[in-house]
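Structure provided below as structure tokens; questions to follow.
Derivation of every value follows stated rules applied to the coordinates shown; laboratory data play no part. Given the structure is predicted, the values throughout are model-derived calculations rather than measurements. As a convention, Cβ positions derive from the backbone with ideal geometry for all residues, glycine included, and neighbour counts pool all protein chains shown.
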Amino acid sequence: MQLTKKSSYGLIAALELANDPEEGPLSASAIADRYSLPHSFVEKILHQLKQAGLVSSTQGRRGGYRLATPPDRITVRQVLEALDESLDLVGCLGPGTPCELTQICPTKSAWERIDQRFKEMLDSLSLGDLVECEEDS
């Protein structure tokens with residue numbers, strides 16, 4: 001599994017919103033400018049996060065985006081899945097990806113366990129945890 005630019009930028013945007021949730025809404029342009037990201041791409045990502053219920057938006061001159069819930073209640077997995085990212089570590093674990101070795105594969109059960117632990121780790125990490133890590137470094 002390799003995360004895409006979309007998931008990387010999405011996590012960046014979510015962390016920006018998590019950094020100071022009391023400050024007020026942040027515009028997609030402000031986030032894009034800070035990290036030199038494409039404005040329209042960041043806007044689309046934030047729209048997807050809004051559709052998933054992770055962020056809310058305010059229209060108008062002082063509008064923008066903010067997290068819909070506290071940062072410690074949004075997991076990294078939720079952000080990635082909201083952006084339609086596949087979290088399957090190997091292709092044969094995903095839906096609709098048959099493998100001719102499935103019946104005899106000596107590594108399938110190992111990959112299933114590794115995949116499960118990986119997803120549990122993503123579930124255990126919140127945006128709040130990542131903000132704390134950033135502040136500690």
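Would you kindly enumerate the cysteines in the chain that have no other Cys beta-carbon under 4.7 Å from their beta-carbon?
By the Cβ distance rule, which asks for a partner under 4.7 Å, the isolated cysteines are 105, 133.
Given [x] 2, 10, 18, 20, 17, 11, 8, 6, 4, 2, 1, 0, 0; [y] 2, 8, 12, 15, 18, 18, 15, 9, 3, 1, 0; [z] 2, 12, 22, 26, 21, 13, 4, 0 as candidate values of P(r) over Cα pairs in 5 Å bins from 0, in percent, which corresponds to the one derived from the coordinates?
Among [x] 2, 10, 18, 20, 17, 11, 8, 6, 4, 2, 1, 0, 0; [y] 2, 8, 12, 15, 18, 18, 15, 9, 3, 1, 0; [z] 2, 12, 22, 26, 21, 13, 4, 0, the one derived from this structure is [x].
Going 7 Å from the Cα of residue 61 along its beta-carbon direction, which residues of region 15-49 have the amide nitrogen within less than 18 Å of the resulting point?
What the label zone holds, given the 18 Å backbone N cut-off, is 24-27.
Still on this structure, please answer the following. Order by neighbour count: 131, 55, fewest other Cβ atoms within 10 Å first, most last.
Numbers: 131 18, 55 26.
Arranged by neighbour count, lowest to highest, 131, 55 become 131, 55.
Return one number: the angle in degrees, 0 to 90 and rounded to the nearest 10, between the long axis of the Cα atoms of helix 39-51 and the longest principal axis of the Cα atoms of the chain.
Once rounded, one gets 70 degrees.
Got a sec? Charge dipole of region 26-137, +1 on Cβ for Lys and Arg, -1 for Asp and Glu; which of 35, 94, 122 is way out at the positive end?
35
Taking loop as defined by DSSP and a crowding limit of 11 other beta carbons within 10 Å, which trypsin sites (Lys or Arg not before Pro) in region 1-89 fit?
Numbers: sites: 5, 6, 34, 44, 50, 61, 62, 66, 73, 77; in loops: 61, 62.
Hits after loop and neighbour filter: 61, 62.
State which entries of 44/119; 5/119; 6/119 exceed 22 angstrom in Cα-Cα distance in the structure shown.
Details: 44/119 25 Å; 5/119 20 Å; 6/119 19 Å.
As for pairs spanning more than 22 Å Cα to Cα, those are 44/119.
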